[in-house]
Amino acid sequence: MSGKAVKEQSMVKQKELIQDHYHELSRAPETGRKVIYTFVPGNLTELFRAFDLLPVYPEINALQSAMRQKSTLFINEAERAGHAEDVCTYVKTDIGMLRRGNVGPSGEKLPPPDLLVLSYTGCFTFMKWFELLRQEYDCPVVMLHTPYQGDGKITPSMVRYMVEQMRTEVIPALEKVSGIKYDEDRLKEAMALSESAETDLVAVLESAKHRPSPIDGYFGGVYYIGPIFNAFRGTPEAAEYYRMLRGEVEERMAQGLGPVTPDGLLANEKFRLVVEGPPNWTSFREFWKMFHEEGAVVVASTYTKVGGLYDTGFRHDKEHPLESLAHYCMGCYTNNNLPQRIDLLERYARDYSADGLLVNSVKSCNSFSAGQLLMLREFEKRTGLPGGFIETDLVDARYFSAANVKNRIESYLQMITQKRAPSARAEA
Amino acid sequence: MKAFVGIDLGSTTTKAVFLDESGQVLGRGITNSRSSYDLAAKIARDEARVSARFALLERSLKADEGLAAEAERLRSELIAHFHRHQQLVQLGRLREIAFVEAHAPRVAAIAEPLRERLAVILDAMEAEEKRPRLGILAKQTSEFFRDRAASAFSRLAEERADSTVKFGDLMGIFDKAILQVENTSFELKFDDSLREAAAELVPAMGAEQGQRLIRVVETSLDIDLDEVRTIGTGYGRQRLPFAKEDIRSEILCHGLGAHAQFPGTRTVLDIGGQDTKAIQVDENGIVTSFQMNDRCAAGCGRYLGYIADEMSLGVHELGPIAQQSTRHVHIASTCTVFAGAELRDRLTAGQRREDILAGLHRAVILRAVALLARSGGVEEQFTFTGGVANNPAAVDALQELVHENYGARTLNISPGSIYTGALGAALFALRAGEERWEAA
Ligand code: SF4
């Protein structure tokens, strides 16, 4: 298959990047490198790098545990320890993993944190989560509060508020744990690299405007955002990865090829969808298959914006490093209010010539799920395009009923087909 | 003549509908779903084909000036004869298998008296079957052979059982035999059976009329019923014995089927055994939005089934009992797992059975109403389908809640509501036969 060889180069690179990172983490106790745990939305990766700190993202561990079919075990472990059934399953997977020896996705043991950086972005669970980790690890926490865009905009005082927290709390805490003085030039260097990677990422995601789309912007998209949401934003390796990826995708686009799926090339694009909400990770491949075997390609998704919304123009800015970090944190998708989210979905439908919007409502996450039905109805009203709704969970296999999800996806796609049918149009 | 077939494989029953080229229903068939979907689909289809044949016969009878006036009566009588014949064939099979089973080593000790009693019971069943019955003609088609046979057999077995051959021994044989009867499909020679049925009627008709009947029967048998296209849907649709392009989602089928039954329909609620669906359709029956229950079966038909089992009642008895309720009992949980416990707790606490049942029906409907709200509300007109639509207490609760939340709405329930999905599928078959739109 022509797509395969092209895909592999960037995939290999990404794999290497991630493996090296986990390897370095596992060796931290020997090398003496300091480790911080932090969250994906509103992360300060460039800043951590400026202090030579190694970041760990518990959400990523949770989702990777699910992809390796370990989350059920971990969730059970956490529930045995007293965590209720309706607690966010990312949290329980993380706690369960910790209790079972803290072995990370690469099979190597993760080091304990020297500091917890609680980037509080929208979700109250973040606070409880690190409260639990603080107890488990007995280590300090520093909090960075990201104000919610309740009015749909970022004001200068919001930016000042965040920069102030960085200067007076976060940076001193990082200096203390790392023993390194804050050096703004190092941060600026990283920012420039971030900007280049971000521009390439946007080009990759926007390639889906092309017909047929050379990428899947959701199932494939989660791989593309991996490095930039993970520990690598602001590194030369990440900038290199995105350059490479962009080249590959543009090549595919020039050849008129569709996306590569785990089951081969999607050659016959029949449906172009916008998807709202995170994917299910326990049955990720099966879930994807329900789309690609029907010829459905996700051309744009909001989940791929959860660790940074770049396609509305934001870039990290080396001239104003702390200010742009503040903008970055506040701009993450789940920190946007509902009208902003609807505007974004509407824009995606238009710019990507989509056939409709499918919402995956996950049981765990209120940052996503609250208001999704309202958004769906408003979307239908504004665009006249059909909406669909499915329910799963992030990493709890008990909440993924394959037959139910497949039934709904197929019904939804047939609904789109029926709406397109000549007889329907003639009669309508 | 061209026929278009829709088959709906549900979790409890499998339905088939035949349409003619103009979209008129020619025939319908229903059977209980069993482990073999292929067989269930085949049996439902065979039954629908037979009923389509009778519809064609009725058309021929009506076209004959000498018989037109009596067309309906003749058709009913022919059906009755035909069905009796069909039942007797099945009973014959049951007898054969039962006697094979009565030779099993397991029952060797009582073999002789067991066979003796079986013969008496089966003879009695056959005699009952042969006795002319009136007034049950319409009902007959929807009654399953298994249910009829089971009720007759167990009644007679109770009379015949004693300390040598126990009731359980007899029922053990029956259970084994009926399973095998159900799981084999046997060709009923339709043409011959119909001719036989006609021959039975002729003597009472007078020479000329009798001749006419024979002629009309032959003409209608000459009509070739060509099943040009079949579309399948339903709960088991992933394993439907059809090609992928011949399968439509049950949601779309229910939407289109409800639209065909009641063209004013804009909102459809379907409560089936395994899932509940709330569907919005446009003026052409095209689905514009839908919601269905998640993986949890709470609040579906199956839940009422559990309650019925728990109370040792038939599921059809629940509604009428609940309607006798005089006191409001509030029940919030419709969790199937806790259904039994919830019920026992309340009974122990002294609440009355009918009040509890009324509360349970309301709880089921509350969940459905929430689903309706999520799908976009209840528009005029509102059509209720699925097995639960036959439950009067559920209908009462639904009417009340819809009125409270949305004001006056016309509530449609078709007597053929169980066929809604199959009807929608058949309409898709008709469309697919006309214009291959799905290829676009
Ligand atoms: S609720 Fe959502 S945002 Fe909050 S921790 Fe869980 S997955 Fe993350």
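Does residue B:383 satisfy being in the same structural domain as residue B:280 (by TED's automatic domain parsing) and under 27 Å from residue B:17 (Cβ atoms)?
Here the answer is yes, as residue B:383 does meet what is asked.
Considering A:158, A:143, which residue is among the aliphatic types (A, V, I, L, M) and assigned to a helix (DSSP H, G or I)?
When all the criteria are applied, what remains is A:158.
Being within 20 Å of the chain's Cα centre (by Cα) and either basic (Lys, Arg) or farther than 19 Å from residue A:226 by Cβ (or both) is the filter here; which residues of the stretch A:242-282 pass it?
Passing the criteria: A:243, A:246, A:273, A:274, A:276.
Restricting to the stretch A:127-180, name every residue that is farther than 22 Å from residue A:324 by Cβ and either loosely packed, with under 12 Cβ neighbours inside 10 Å or within 16 Å of the ligand (Cβ to nearest atom) (or both).
A:127, A:128, A:129, A:130, A:131, A:132, A:133, A:134, A:135, A:138, A:141, A:179, listed by residue number.
Can you name the condition, by its number, that residue A:326 falls short on among (1) part of a helix (DSSP H, G or I); (2) farther than 30 Å from residue A:158 by Cα; (3) of a type in the set (A, V, I, L, M, F, W, C)?
For residue A:326, the failing item is (2).
Quick one: residue A:295 ticks every box in (1) more than 20 Å from the chain's Cα centre (by Cα); (2) buried (at least 20 other Cβ atoms within 10 Å of the Cβ) except a single one, so which number is it?
It is condition (2) that residue A:295 fails.
Report, by residue number, each residue of the stretch B:250-285 that is part of a loop (DSSP other than H, G, I, E, B), out of contact with any strand residue (DSSP E or B) (no Cβ under 7 Å at 6 or more places or on another chain) and closer than 14 Å to residue B:423 by Cα.
Correct list: B:263, B:285.
Select from the stretch A:57-74 the residues that are away from the ligand (no atom under 13 Å from the Cβ) and among the hydrophobic types (A, V, I, L, M, F, W, C) and write down the one among them that is nearest to residue A:279 (Cα to Cα).
A:67
Go through (1) more than 14 Å from every other protein chain (Cβ to nearest Cβ); (2) over 30 Å from residue B:101 (Cβ atoms) and name the single condition residue B:234 misses.
Status for residue B:234: all satisfied but (1).
Return the residues of the stretch A:89-117 that are within 16 Å of the ligand (Cβ to nearest atom) and closer than 19 Å to residue A:63 by Cα; say none if nothing qualifies.
A:89, A:90, A:91, A:92, A:93, A:94, A:95, A:96, A:97, A:98
Looking only at the stretch B:326-377, how many residues end up being without any contact (Cβ under 8 Å) to a residue 60 or more places away in the chain, part of a helix (DSSP H, G or I) and among the charged types (D, E, K, R)?
Here the count works out to 8.
Taking the stated definitions as given, is residue B:424 at pLDDT 95 or above, within 20 Å of the chain's Cα centre (by Cα) and buried (at least 24 other Cβ atoms within 10 Å of the Cβ)?
Yes, satisfied.
Pick out the one residue from A:138, A:151 that is charged (D, E, K, R) and at positive phi.
A:138
Quick test for you: out of B:246, B:282, pick the one residue that is surrounded by fewer than 21 Cβ atoms within 10 Å (Cβ to Cβ), at the interface with chain A (Cβ under 9 Å from one of its Cβ atoms) and farther than 12 Å from residue A:411 by Cβ.
It is B:282.
Which of the residues spanning the stretch A:343-399 are assigned to a loop (DSSP other than H, G, I, E, B), within 11 Å of another protein chain (Cβ to nearest Cβ), surrounded by fewer than 22 Cβ atoms within 10 Å (Cβ to Cβ) and within 16 Å of the ligand (Cβ to nearest atom)?
Answer for the stretch A:343-399, where residues must be assigned to a loop (DSSP other than H, G, I, E, B), within 11 Å of another protein chain (Cβ to nearest Cβ), surrounded by fewer than 22 Cβ atoms within 10 Å (Cβ to Cβ) and within 16 Å of the ligand (Cβ to nearest atom): just A:363.
Scan the stretch B:94-109 and report the pairs whose first residue is part of a helix (DSSP H, G or I) and whose second residue is loosely packed, with under 12 Cβ neighbours inside 10 Å, with Cβ atoms within less than 6 Å and a gap of 6+ or a chain change.
Pairs found: none.
Looking only at the stretch A:16-56, which residues are more than 16 Å from the ligand (Cβ to nearest atom) and part of a strand (DSSP E or B)?
Across the stretch A:16-56, the qualifying residues are A:35, A:36, A:54, A:55.
Could you tell me whether the stretch A:75-88 includes any residue that is more than 15 Å from the ligand (Cβ to nearest atom), more than 14 Å from chain B (Cβ to nearest Cβ) and in contact (Cβ under 8 Å) with a residue 60 or more places away in the chain?
Checked against the condition, which is being more than 15 Å from the ligand (Cβ to nearest atom), more than 14 Å from chain B (Cβ to nearest Cβ) and in contact (Cβ under 8 Å) with a residue 60 or more places away in the chain, the stretch A:75-88 yields no hits at all.
Yes or no: residue A:296 more than 15 Å from the ligand (Cβ to nearest atom) and modelled with pLDDT of 95 or more?
Yes: the conditions hold for residue A:296.
If a residue must be assigned to a loop (DSSP other than H, G, I, E, B) and farther than 26 Å from residue B:68 by Cβ, how many such residues does the stretch B:20-57 contain?
4
For the list (1) away from every other protein chain (no Cβ under 11 Å); (2) more than 16 Å from the ligand (Cβ to nearest atom); (3) in contact with a helix residue (DSSP H, G or I) (Cβ under 7 Å, 6 or more places away or on another chain), I need the number of the one condition that residue A:340 fails.
(3)
The values are calculated or read from the model by the stated rules, or taken from the named source; none is laboratory data. Everything quoted here is computed from the prediction, not taken from an experiment. All Cβ positions, even for glycine, are placed from backbone atoms using ideal geometry, and neighbour counts span all protein chains on display.
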